[in-house]
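The values are calculated or read from the model by the stated rules, or taken from the named source; none is laboratory data. All figures in this text were calculated on a predicted structure; none of them were measured in a lab. No Cβ is skipped: glycine too gets one built from the backbone with ideal geometry, and neighbour counts run over all protein chains shown.
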Amino acid sequence: MRYLTAGESHGPGLVGILEGMPAGLRLSAVDVNRELARRQAGYGRGQRMRIEQDEIEWLAGVRFGETLGSPIALLIRNRDFARWQERMAPEGPEAGPAFLRPRPGHADLAGALKYGRRDARDILERASARETAMRVALGAIAKALLRQFGIEIVSHVVALGGVAAAVPEVLDPQAIDLSPVRCQDPAASAAMVAAIDEARLKGDTLGGVVEVRALGVPVGLGAHVHWDRKLDGRLGQAMLSVPAIKGLEIGAAGWAAASPGSQVHDEILFSPDLGYHRPTNRAGGSEGGISNGEAIWVRAAMKPLSSLRRPLRSVDMATKEEFLAQVERSDITAVPAAGVVLEAVMALVLAELFLEKFAGDALADVDAAYRHYLGRIAP
């Protein structure tokens, strides 16, 4: 399974292609659009979320609500393109001023130098986190596949703007999504909202930490035999590719690094009812690059967003004179939305690994392979 996305932030729309999904999986645009709406929610979001009301259009690979086994193609139209048609026109003369003042923390300057572009807008339009809308849509399809086999993915905010939340053992997805910052701890949620309000008054932005869990993952996804087949490595590459995600912790990695091994490693038990199991999950569900049957548990650190209403110093690319960086429309924080994006990214990785392990052209073939495997490893 593999996927591609295309499109610019203020272009006509975003396009996604997902290849390798078996035939016979039931899909609904309503379910995909629900995930897109979750991405657009969250306290501290900017004006763009009020402009765009993301919805997908099926272009290929789905007929009468079922996948065909051929590549699935999706389109999300950008409503804001109506105001950018001249400046983002695919053909014709250049219109509007060039973006010459790169913003610290963005891809503007590095991308313009790498690709030899005079106008940094040629870079920032694609580097924008707007691209993650399509990854959420494709991730919704991956979630639909995983759900067929009892795998569910949930995320929540555990820290935002210096406020840390109490982390419950059991997550309640409905309670999380009802929180304005997607935090299950009510007291911390209120403090996070206050921190966002304070940052807004200061013209500043806030980062935080999101936890993502995948429940019901079987033993055996990933492999120990090559670096690029390890579950940890695949999750790391995919999740760190999300804009503004700068660090990743699988399991209790940070705590484990400062603790003796006798307190870190998860003991292995066996019972006729549960088979092999562990009383703890400090490894985060992965050992040796292979899922071990426990919940996959990842924490991702998101830096504060780079677009500030009180801009930092930069240099004009044409004159080389010092200026305050150009200001683009921005959120105060996107940490709550990052959890939804990271759910989608994790779903895409786990779906890919699942189909590598239990390959089949039809969903019934995948199901048969999965059931055979469960029978083989049963206690």
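A few notes on this one:
- Flag for Glu287 being within 19 Å of Glu169 (Cβ to Cβ) and of a type in the set (Asp, Glu): no
- Some residue of segment 127-143 being outside any helix (DSSP H, G or I), surrounded by fewer than 14 Cβ atoms within 10 Å (Cβ to Cβ) and of a type in the set (S, T, N, Q): no
- Residues that are outside any strand (DSSP E or B) and in contact (Cβ under 8 Å) with a residue 12 or more places away in the chain, drawn from segment 50-69: Ile51, Glu52, Gln53, Asp54, Glu55, Gly61, Gly65, Leu68, Gly69
- Of the residues making up segment 182-203, those that are buried (at least 17 other Cβ atoms within 10 Å of the Cβ) and of a type outside the set (Ser, Thr, Tyr) are Arg182, Cys183, Gln184, Asp185, Ala188, Ala191, Met192, Val193, Ala195, Ile196, Ala199.
- Selection of segment 79-102 for residues being buried (at least 17 other Cβ atoms within 10 Å of the Cβ), assigned to a loop (DSSP other than H, G, I, E, B) and in contact with an Asp or Glu (Cβ under 7 Å, 6 or more places away or on another chain) yields Met88, Phe99, Leu100, Arg101, Pro102.
- If you go through segment 332-363 and keep only what is part of a loop (DSSP other than H, G, I, E, B) and surrounded by fewer than 21 Cβ atoms within 10 Å (Cβ to Cβ), you end up with Ala359, Gly360, Asp361.
- Flag for Gly284 being surrounded by 17 or more Cβ atoms within 10 Å (Cβ to Cβ), of a type in the set (Gly, Ala, Ser) and out of contact with any helix residue (DSSP H, G or I) (no Cβ under 6 Å at 6 or more places or on another chain): yes
- Within segment 181-217, being within 29 Å of Lys143 (Cβ to Cβ), in a helix (DSSP H, G or I) and of a type in the set (A, V, I, L, M) holds for Ala188, Met192, Val193, Ile196.
- The residue that is nearest to Thr333 (Cα to Cα), counting only those in segment 278-312 that are at pLDDT below 95 and among the hydrophobic types (A, V, I, L, M, F, W, C), is Leu305.
- Within segment 150-179, tally of residues that are touching a residue at least 12 places away in the same chain (Cβ under 8 Å), under 20 Å from Val217 (Cβ atoms) and among the β-branched types (Val, Ile, Thr): 5
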